[in-house]
Amino acid sequence: MRVIILANNWVGWYLTSWLAKYPGVKIVGLVVHPETKQKYRKEIVEAASLSSECIFDAPVLRQVATIEKIASLSADIGLSFYFGYLLKPVFLDLFPLGVVNLHPSFLPYNKGAYPNVWSIIDDTPAGTTLHYIDSGIDTGKIIAQQALAIDPKDTGKSLHEKLEKLSVRLFCETWPKIMANQVQPVPQTLDVGTVHFVKDVDQIDEIDLEKTYRAKDLVNLLRARTFPPYKGCYFLHEGRKIFIRVQLLEEEELNNA
């Protein structure tokens, strides 16, 4: 099977490495985030082991010359791992078997950005989903998914890390079925669920010291936005931004400290 991978982050690196060794798979093209927006780009490129003319930066995907070059690679399927760019129909139509996306949320909940944050804040189901990409934002038919229980001690960072591991496991378990054409995709129920954009966190990060919060909501907000080294929540004091990170411990952990 001829594959083009679109990848970023640790998950993108791990699964690119895994597929590079998988019997019957040939990686013929790679799309990565530009260097200013990348995570694990160098490792992903090394894992794919392709010549430079088969590696593309995400922003050039809409250029006619790039589309023509990717079409010439005759890929059967596209695989998107934590890839942060919207794909247009002109790109999606290049793949006879479609483009499959690995999204770290339990769709239809938390489509879009930062599902690890919004699952905590909105108290919505957490998990990971393998789905086909269509013209919407994470709205395509679901191939497989798995839920994940959120622990009261989870922060945005710990939940993100749990979802990474779960996402890798879900893909590795499902990929043989995709190759064998043994999946039965299920349409999403689009009148339920949630969607969030990158800019949405800008609306919640400032804690208003004069505002009344329900205790549960404030705790959830602070732990959801605790993700070092990212800044997260803050309050203003005499023109200064004071940032807040929380640590969540059970009683026995404190007793044994």
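Read-outs throughout are calculated quantities, based only on the coordinates presented, and are distinct from any laboratory measurement. Note that the structure is predicted; figures quoted are calculated from it, not measured. When we count neighbours, we look across all protein chains shown, and the Cβ atoms used for this are built from the backbone with ideal geometry, even at glycine.
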Sequence-distant lysines (8 or more away, or on other chains) whose Cα lies within less than 18 Å of Lys199:
Lys37, Lys111, Lys231
Can you find, among Leu6, Val25, Phe106, the residue sitting farthest towards the positive end of the charge dipole of region 1-116, where Lys and Arg contribute +1 and Asp and Glu -1 at Cβ?
Phe106
In 5 Å bins starting at zero, report the fraction of Cα pairs in region 144-217 per bin as a rounded %.
3, 10, 12, 15, 20, 16, 10, 6, 4, 3, 1, 0
GNM, the chain, Cα, under 10 Å: largest mean-square fluctuation among Pro125, Pro187, Pro115?
Pro187
Per DSSP helix of 4 or more residues, -39500 (n - 2.57); summed, then divided by the residues of the chain. What does that give at 222 nm, rounded to the nearest 500?
-9000 deg cm²/dmol
What residues from region 76-105 fall in the zone where the backbone N is under 16 Å from a label point 7 Å along the Cα-to-C-beta line of Val186?
105
Remind me, relative contact order of the chain in percent, using alpha carbon pairs under 8 angstrom and six or more residues apart?
15
Please give the helix 9-20 orientation as an angle from the longest Cα principal axis of the chain, in degrees from 0 to 90, rounded to the nearest 10.
30
Just to be sure I understand the curve: with the Debye formula and one point per C-alpha of region 2-195, what is log10 I(q)/I(0) at q = 0.08, 0.10, 0.11, 0.16 Å⁻¹?
-0.24, -0.38, -0.46, -1.01
Can you give the Kirkwood hydrodynamic radius for region 78-156, in Å, rounded to one decimal and based on Cα pairs?
13.1
Based on the mean of other beta carbon atoms within 10 Å per residue, what is the order of 139-146, 10-17, 58-65, most packed first?
10-17, 139-146, 58-65
Approximate spin-label separation Lys153-Gln63, in nm, with each point projected 7 Å along Cα-to-Cβ:
5.0
Please work out the C-alpha center-to-center distance from region 207-244 to region 91-145 and express it in whole Å.
28
Ranked on Cβ counts within 10 Å of their own Cβ, fewest leading, Thr36, Thr194 go Thr36, Thr194
With no solvent and one equal point scatterer per Cα, compute the Debye intensity ratio I(q)/I(0) for region 200-255 at 0.14, 0.31 Å⁻¹ and report its log10, rounded to two decimals.
-0.43, -1.35
